[in-house]
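Visitor: Below is a structure I'd like to ask you about.
The values are calculated or read from the model by the stated rules, or taken from the named source; none is laboratory data. Keep in mind that this is a model prediction, so the values were computed, not measured. Heads up, the Cβs are rebuilt from the backbone with ideal geometry, glycines too, and the neighbour counts pull from every protein chain shown.
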């Protein structure tokens, strides 16, 4: 099932962890599929066209069981199909930093996170989108501390 011209439901549900642990990682409610269609249409597809080629989704939909298995936040927007983790560096068309900037400047989004990496390029880009329109446009940077904890710093400019 296509969610947009260049993104399928299979791609956003694919998980090596789910496969390894025998976890069903398919959405079981129509509203989740509608959420995935919305983020695919409003964020992924414009990014894909900007990149000009493949754009890797490293994490899309996560069932509660999968989210628990990976230690994800109990309130993760991935659970409701409202978030994608994108990694442009896999195929080399653009950098993750370029994708982050593109989304920030050209897309409506709820949260946009520069995930780890360094000052030049994040390891991946997390983006979320609410199809009903209450998107905050919140930009953050995830920073890992020496003790293994993560801090989310708000980006204001």
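Visitor: Taking residue 73 as meeting all but one of (1) part of a helix (DSSP H, G or I); (2) closer than 23 Å to residue 16 by Cα, write down the number of the exception.
Guide: Tallying (1) part of a helix (DSSP H, G or I); (2) closer than 23 Å to residue 16 by Cα, residue 73 fails exactly one: (1).
Visitor: Here is a further query. Scan region 118-131 for residues that are closer than 19 Å to residue 39 by Cα and touching a helix residue (DSSP H, G or I) at 6+ places or on another chain (Cβ under 9 Å) and report the count.
Guide: So the first thing to find is which residues in region 118-131 are closer than 19 Å to residue 39 by Cα, and the list is 124-131.
Right, trim to touching a helix residue (DSSP H, G or I) at 6+ places or on another chain (Cβ under 9 Å) and you get 124-125, 127-131.
Number satisfying all stated conditions: 7.
Visitor: Also, quick follow-up: Just need a number here: residues in region 12-22 that are assigned to a helix (DSSP H, G or I) and surrounded by 18 or more Cβ atoms within 10 Å (Cβ to Cβ).
Guide: In the first step, residues of region 12-22 are kept if they are assigned to a helix (DSSP H, G or I); the result is 12-13, 16-21.
Filter once more, so that each one left must be surrounded by 18 or more Cβ atoms within 10 Å (Cβ to Cβ): 12-13, 18.
Looking only at that region, the number is 3.
Visitor: Within region 128-149, how many residues are surrounded by 10 or more Cβ atoms within 10 Å (Cβ to Cβ) and either under 22 Å from residue 62 (Cβ atoms) or touching a strand residue (DSSP E or B) at 6+ places or on another chain (Cβ under 6 Å) (or both)?
Guide: Qualifying residue count for the region: 13.
Visitor: Between 67, 25, which is without any contact (Cβ under 8 Å) to a residue 40 or more places away in the chain and either outside any loop (DSSP other than H, G, I, E, B) or farther than 17 Å from residue 109 by Cα (or both)?
Guide: On the way: 25 fails: without any contact (Cβ under 8 Å) to a residue 40 or more places away in the chain.
67 is the lone residue from the list that is without any contact (Cβ under 8 Å) to a residue 40 or more places away in the chain and either outside any loop (DSSP other than H, G, I, E, B) or farther than 17 Å from residue 109 by Cα (or both).
Visitor: Among the residues of region 29-64 satisfying the criterion of being buried (at least 20 other Cβ atoms within 10 Å of the Cβ) and in a loop (DSSP other than H, G, I, E, B), which is nearest to the chain's Cα centre (by Cα)?
Guide: 60
Visitor: Residues being assigned to a loop (DSSP other than H, G, I, E, B), out of contact with any helix residue (DSSP H, G or I) (no Cβ under 9 Å at 6 or more places or on another chain) and either modelled with pLDDT under 95 or surrounded by 15 or more Cβ atoms within 10 Å (Cβ to Cβ) (or both): count how many of those fall in region 78-117.
Guide: Here is the first cut: in region 78-117, the ones assigned to a loop (DSSP other than H, G, I, E, B) are 78-82, 91-95, 107-110, 116-117.
In the following step, the residues that additionally are out of contact with any helix residue (DSSP H, G or I) (no Cβ under 9 Å at 6 or more places or on another chain) were identified as 92, 110, 116.
From what is left, the residues that are either modelled with pLDDT under 95 or surrounded by 15 or more Cβ atoms within 10 Å (Cβ to Cβ) (or both) are 92, 110.
Residues that pass the stated criteria total 2.
Visitor: For region 92-106, enumerate the residues that are touching a residue at least 40 places away in the same chain (Cβ under 8 Å) and more than 12 Å from residue 125 (Cα to Cα).
Guide: 93, 94, 106
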